[in-house]
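Structure first, then comments.
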């Protein structure tokens with residue numbers, strides 16, 4: 001079975017008077033990055049805003065390491081446990097919204113994640129490309145399916161006769177000496 005990616009995109013629009021928090025939630029929902037359980041407590045909108053602010057600060061101060069958040073800190077912003085954060089990270093990474101980064105700070109290697117672009121828009125443009133590529137691959141599979149259906153229809157009755165012959169020839173015959 002091929003590897004699977006589950007995209008759960010939602011079609012919702014922000015209200016005209018929506019504020020930052022609500023628009024952030026809507027963006028995350030549209031890209032399938034909100035908690036999927038109905039009782040999910042993760043505040044992923046807080047995390048996205050923090051990632052964005054960190055990226056702006058890093059670009060402004062020309063300190064790329066400022067954009068990187070370790071998983072523990074990401075979990076704190078989202079209000080969840082570290083292990084739960086790892087579960088969510090998978091979807092963010094598959095869509096290329098985030099990228100894994102490491103740098104040296106105070107003589108130690110720090111591993112974390114940052115927006116995969118210079119700002120929110122460029123990070124979500126990468127997600128757009130992942131989804132677009134997925135759709136293009138799906139269309140290619142549909143074309144292949146369409147051709148297979150045509151090919152099977154053209155074979156039609158011959159195929160049925162071959163199946164019957166194969167079923168009749170699978171009857172085992174006793175070997176000599178038995």
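Only the coordinates and a few stated rules stand behind these numbers; no lab work does. Nothing here was measured: the structure is a model prediction, and the numbers come from that model. Methodologically, a virtual Cβ is constructed for each residue, glycine included, from the backbone with ideal geometry; neighbour enumeration extends over all protein chains shown.
Structural remarks
- Some residue of the stretch 18-35 being under 21 Å from residue 110 (Cα atoms), surrounded by 16 or more Cβ atoms within 10 Å (Cβ to Cβ), in contact (Cβ under 8 Å) with a residue 60 or more places away in the chain and out of contact with any strand residue (DSSP E or B) (no Cβ under 8 Å at 6 or more places or on another chain): no
- Filter pass, residue 62 being out of contact with any helix residue (DSSP H, G or I) (no Cβ under 9 Å at 6 or more places or on another chain), surrounded by fewer than 17 Cβ atoms within 10 Å (Cβ to Cβ), without any contact (Cβ under 8 Å) to a residue 60 or more places away in the chain and within 24 Å of residue 118 (Cβ to Cβ): yes
- Any hit, the stretch 76-98, residues being surrounded by fewer than 12 Cβ atoms within 10 Å (Cβ to Cβ), within 23 Å of residue 29 (Cα to Cα) and more than 13 Å from the chain's Cα centre (by Cα): yes
- Selection within the stretch 50-75 - within 23 Å of residue 7 (Cβ to Cβ) and over 19 Å from the mean Cα position of the chain (by Cα): 52
- Residues that are in contact (Cβ under 8 Å) with a residue 24 or more places away in the chain and either part of a strand (DSSP E or B) or surrounded by 19 or more Cβ atoms within 10 Å (Cβ to Cβ) (or both), drawn from the stretch 103-120: 103, 105, 110, 111, 112, 113, 114, 115
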